[in-house]
Ligand SMILES: Cc1cc2nc3c(=O)[nH]c(=O)nc-3n(C[C@H](O)[C@H](O)[C@H](O)COP(=O)(O)OP(=O)(O)OC[C@H]3O[C@@H](n4cnc5c(N)ncnc54)[C@H](O)[C@@H]3O)c2cc1C
């Protein structure tokens, strides 16, 4: 029997759910929403109509129920057994309508907005420093959680403050320090749902910004499997080194487990070749961690987020030396 029972969870929330204005579903399949195109269902799935709706939802949700957030799922591996608890997605217009508040050189946007869109809006406004977002296929919410970065710039370099809703349904503001950014990580409490963010750029000529964005795009097309079912870099770069070099040196470029493969084009990118399960992808990742350790003594750390339940007794053990 599946551990996922959205209807039972919904019943626990009582009639208060009638006041919600967003989209609420039970046992919602997720694989179509993820870049990897794998993963089981979310027990409870909620797309709030706006911030107030999200606050009501979180207040109604029993305290013991875990809350997950999904952006554009370009750095998430959802396991085949699905997600226990509630999943929030900020895809409705107030989080994602392309409207920004521009007060040069600052810009505020909803966290459901794609990074690429913010880069384009900033370019059109003559606001430099956001070109790196042009190549990152996630949402601003994911960028904040992951401290997404490329081309020598990271989210931490542009961020001023974040508005978020906590597990109690209260709206809180975090300044830059409270976000606790390090390499591909924010130490902000895991239960926060980021709803909008204030960034600061540097005024620059539009042509200059456009040229920087073109460079980003060309580099990606030539060096990364950006049209594949992937989640970008599988592992963080070890201190002073490159994850891909460790993987390559261990002879694992193109290495496969089931339908999952370390990309022949960029061997730190894991790809779903068509029929991979989340189990295949995670097994591949752990096998690579083990083989790289055996080859060079380097213990790679996952960059992407893995979440959810294993299924049918197929559990992937974490490699520990
Ligand atoms: C082809 C490709 C290239 C990539 N290149 C890069 C790169 O150059 N640099 C880089 O840093 N990354 C890169 N990535 C990885 C990925 O795009 C980034 O990490 C991105 O920031 C993830 O955003 P997302 O919306 O897809 O997040 P998701 O994968 O949906 O979520 C990632 C994490 O963020 C959390 N999260 C999402 N939204 C919110 C929110 N509103 N509030 C709170 N938490 C939230 C999730 O719970 C999860 O823990 C690449 C991925 C691909 C597929």
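Any read-out appearing in this document is the output of simple, stated calculations on the displayed coordinates, not a laboratory observation. Only a predicted model underlies this, so the values are computations on that prediction, with no experimental measurement involved. Virtual Cβ from ideal backbone geometry, glycine too; neighbours counted across all protein chains shown.
The residues 72, 90, 102, when put in order of fewest to most other Cβ atoms within 10 Å, stand as 102, 72, 90. GNM on the chain, alpha-carbon springs under 10 angstrom: the most fluctuating residue among 24, 144, 118 is 24. Every Cα-Cα pair in region 58-160 was counted, and those over 19 Å apart are 47% of them. All Cα-Cα separations within region 226-307 were binned at 10 Å from zero, giving a P(r) of 20, 59, 20, 1, each value a whole percent of the pairs. Length gained on full extension, residue 157 to residue 108, computed as 0.36 nm times the residue gap minus the Cα-Cα distance: 16.1 nm.
When the helix-only estimate is applied to the chain (DSSP H runs of n ≥ 4, each -39,500 (n - 2.57), divided by the residue count), what is the mean residue ellipticity at 222 nm, nearest 500 deg cm²/dmol?
Rounded to the nearest 500, the figure is -8000 deg cm²/dmol.
Computed over the Cα atoms of region 99-208, pair by distinct pair, the Kirkwood hydrodynamic radius stands at 13.8 angstrom. The ranking of 38, 69 from fewest to most other beta carbons within 10 Å of each one's beta carbon is 69, 38.
Short-range pairs are left out: with C-alpha atoms under 8 Å and at least six residues apart, the relative contact order of the chain is 17 percent.
This ranking places 305, 99 by how few other beta-carbon atoms lie within 10 Å of each, fewest first, which gives 99, 305.
Its residue count N sets the reference 2.2 N^0.38 Å, and the alpha-carbon radius of gyration of the chain equals 1.01 times that reference. The fraction of Cα-Cα pairs per 5 angstrom bin, counted from 0 for region 119-165, comes to 5, 21, 31, 27, 14, 3, 0 percent, rounded to whole percents. In this structure, residue 295 and residue 187 have a Cβ-Cβ separation that, at R0 = 30 Å, corresponds to a calculated FRET efficiency of about 0.40. Once both labels are positioned 7 Å from their Cα atoms along Cα-to-Cβ, the gap between residue 64 and residue 273 label points is 4.4 nm.
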